[in-house]
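What follows is calculated from the coordinates using simple rules that are stated; it is not laboratory data. What you are looking at is a predicted structure, and each value in this text was computed from that prediction instead of being measured. For neighbour counting, all protein chains shown are included, and Cβ atoms are generated from backbone atoms with ideal geometry for every residue, glycine included.
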Amino acid sequence: MLAQQDQAARAGDKLGEIGATLDALQHAQSAATTSLDDLIAQAERAIATNTAPSAAAHVHAIVQSIEIDIDVTGTSPHSSIARIDTLESIRVDREASWEAYMVQVESYCARQRVQGVDSPFQQLMTPSQRVAFERRVEQDFAIRNARCDKYDYMIAGTCGLIGGLIDILLVGAPGEGLLTRAADDWTDSAVQKFARLVGWKGPKEGSDPTHSAIGFLEGKYKVNYDHRHGVDVGGAFKMSTKNHHIKSLGHSPDLVGLFFSILDQFCSTAHFVSDGKLISIDTDTFELRGGTFAAKLFAGFANWLGHLFSDVAGSSGAQGRGSGIPIPFYSLLQFVNVGEFGQHRQTFATVAVQVFERGYDMRHGIAMSIPVIVAELFTRLAWTVKQRCYHERPWRECLPVSNAPELRHMLLVAHGTLCIVDAADAGLRSGGEMIQFLLRSNLIAWARFGSLALREVLALVREGQLDHAAVDEYLDAEYRRMLVA
């Protein structure tokens with residue numbers, strides 16, 4: 001753009017030069033025409049007087065005068081008309097690449113000594129445009145602190161309180177609350193639907209459909225790291241059917257579980273966590289389906305996903321609720337092997353395993369996420385209504401996006417209120433016993449509050465700096481708009 005601006009400026013100057021030259025040529029042409037008319041008139045008078053020798057000499061002088069005047073207006077070296085030089089241009093070849101074109105542009109800027117290459121926008125924008133641009137960047141793309149009023153805090157606190165009441169009354173401990181039982185039923189239904197999708201024909205007459213679907217999936221998606229007892233791993237550590245899903249990292253429904261599942265299936269190993277340590281054991285040779293590496297990788301992923309579905313609602317032979325799979329990343333708590341809690345002075349890692357054994361699994365995590373989602377949605381909805389009805393802003397400015405500082409702060413207050421209510425309820429009902437306290441704590445709510453708190457701290461530290469995520473989002477929207485247009 002700087003090169004094009006320089007070319008446009010030079011072309012404007014050249015147009016002015018051409019205009020001045022044309023004016024000078026027109027003036028010289030008019031003067032020559034006048035002189036020629038006068039000389040022709042003199043020649044005609046000389047001929048009319050019919051003074052033979054003297055007339056011929058006079059006509060010869062007139063012709064010399066005409067030649068001199070014509071030379072002055074033409075290409076004579078004594079001409080006063082300056083030569084017009086051509087402009088340098090940048091050749092554009094349709095077959096050339098963008099990199100080749102930019103090389104020509106940079107070469108042009110170097111030859112013509114174009115100013116402002118280091119900071120092009122200083123040269124491309126006028127002072128008023130720069131002021132408007134800086135104001136927009138400050139308002140739309142700069143990280144700033146929230147300016148919440150009392151109504152914002154009241155709304156956020158109320159939404160968090162609603163979420164907390166739902167958590168207390170409808171979730172509670174694993175297997176107790178209405179939402180937890182509903183999550184168990186939903187999980188059973190999901191397992192049956194998945195089993196039908198991959199070939200299950202339904203339960204036999206008189207058998208439990210969920211246990212039948214689980215048994216089908218267990219047979220179809222076998223893995224080499226599905227050890228259930230300590231003797232299965234040579235007594236290297238203590239393990240039972242109640243906790244083998246949390247101790248085996250391949251059973252974790254997250255990126256950690258996917259990584260160790262693929263690793264174990266390819267290497268015929270099994271990785272476990274016990275007493276804060278990562279333990280690897282060798283297993284029988286496990287052969288993945290597929291003739292290529294990509295096919296084997298897909299087979300490993302399919303085995304991991306199918307095996308998770310076979311375990312998410314417990315095992316086929318479990319009595320009652322059974323032991324499901326852990327909440328995403330919950331298995332990593334076993335590495336926090338510190339502290340002394342309870343009567344037996346157990347570490348936090350041991351307490352986390354015992355909490356899982358009592359039903360704090362993926363199904364309970366689904367139930368715990370419901371009050372968190374309710375608080376989140378209510379806060380965003382209330383913020384949108386307030387921006388539209390109270391502040392009377394256009395709808396496009398009322399979208400509940402997270403880069404709005406006030407909304408970000410309101411979400412922090414709402415989830416903080418939810419966590420306070422949850423901690424108060426867990427503390428009162430547990431009587432100070434660590435396992436009972438964790439059983440009644442909403443880990444999903446605390447994780448969400450922690451992420452919001454971290455984001456708010458970063459916003460405080462980076463106040464006034466450019467929000468690159470907001471800029472990228474705006475540019476992506478502009479690109480999509482241009483493509484549609």
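Can you list the residues, at least 5 places off or on another chain, whose amide H is less than 5 Å from the amide H of residue 346, using H built in the peptide plane? Under 5 Å from the amide H of residue 346: 341.
Net charge dipole, the chain: roughly 2120 debye, given to the nearest 20, about the Cα centre with Cβ charges of +1 for Lys and Arg and -1 for Asp and Glu. Taking the fewest neighbouring Cβ atoms within 10 Å as the starting point, the ordered list for 222, 150 is 150, 222.
Counting neighbouring Cβ atoms within 10 Å and putting the fewest first, the residues 109, 389 line up as 389, 109.
Annotation for residue 266 and residue 254: the two label points, set 7 Å from Cα along the Cα-Cβ direction, are 2.2 nm apart. Here's how it looks for residue 286: its modeled amide H is under 5 Å from those of 268, which are all 5 or more places away or on a different chain. Annotated for the chain: lysine pairs at least 8 residues apart or interchain, Cα distance under 17 Å, count 10. Can you tell me the 0 to 90 degree angle between the C-alpha axis of helix 405-430 and the longest principal axis of the chain, rounded to 10? That helix lies at roughly 10 degrees to the long axis.
From least to most packed, judged by other beta carbons within 10 angstrom and beginning with the fewest, 395, 186, 383 follow the order 395, 186, 383.
A convex hull fitted around the alpha carbon atoms of segment 201-322 yields 115 Å³ per residue. Rounded to the nearest 20, the Cβ-based charge dipole of segment 190-323 about its Cα centre (Lys and Arg +1, Asp and Glu -1) stands at 340 debye.
Available extension along the chain between residue 295 and residue 341 is 11.8 nm, counting 0.36 nm per residue and deducting the alpha carbon span. At q = 0.09, 0.10, 0.13 Å⁻¹ the log10 of I(q)/I(0) for the chain amounts to -0.88, -0.99, -1.23, computed by Debye summation with a single uniform scatterer per C-alpha, solvent ignored.
Computed per residue of the chain from DSSP H runs no shorter than four, each worth -39500 (n - 2.57), the mean residue ellipticity at 222 nm is -20000 deg cm²/dmol. Here the gap between residue 198 and residue 84, fully extended at 0.36 nm per residue and compared with their Cα-Cα distance, gives a gain of 32.9 nm.
Amide H contacts under 5 Å for residue 274: 279, restricted to partners 5 or more places along the chain or on a different chain, H placed in the peptide plane at 1.01 Å from N. Converting phi to 3J(HN,Hα) with the Karplus coefficients 6.51, -1.76 and 1.60 and the offset θ = phi - 60°, segment 82-87 yields 6, 7, 9, 7, 7, 8 Hz in sequence order, with x at every glycine or proline. Using C-alpha pairs under 8 Å with a sequence gap of at least 6, the mean separation divided by the residue count of the chain gives a relative contact order of 17 percent. Could you work out how far helix 150-166 tilts from the main Cα principal axis of the chain, as a 0 to 90 degree angle to the nearest 10? Between helix and principal axis, roughly 30 degrees.
Quick one: helix 293-311 against the long Cα principal axis of the chain, what's the angle to the nearest 10°, folded into 0 to 90? For 293-311 against the chain, the angle is about 40 degrees.
Over segment 190-323, Cα pairs under 8 Å with separation of 6+ residues give a relative contact order of 27 percent.
The stretch between residue 100 and residue 471, if pulled fully straight at 0.36 nm per residue, gains 130.7 nm over its current Cα-Cα span.
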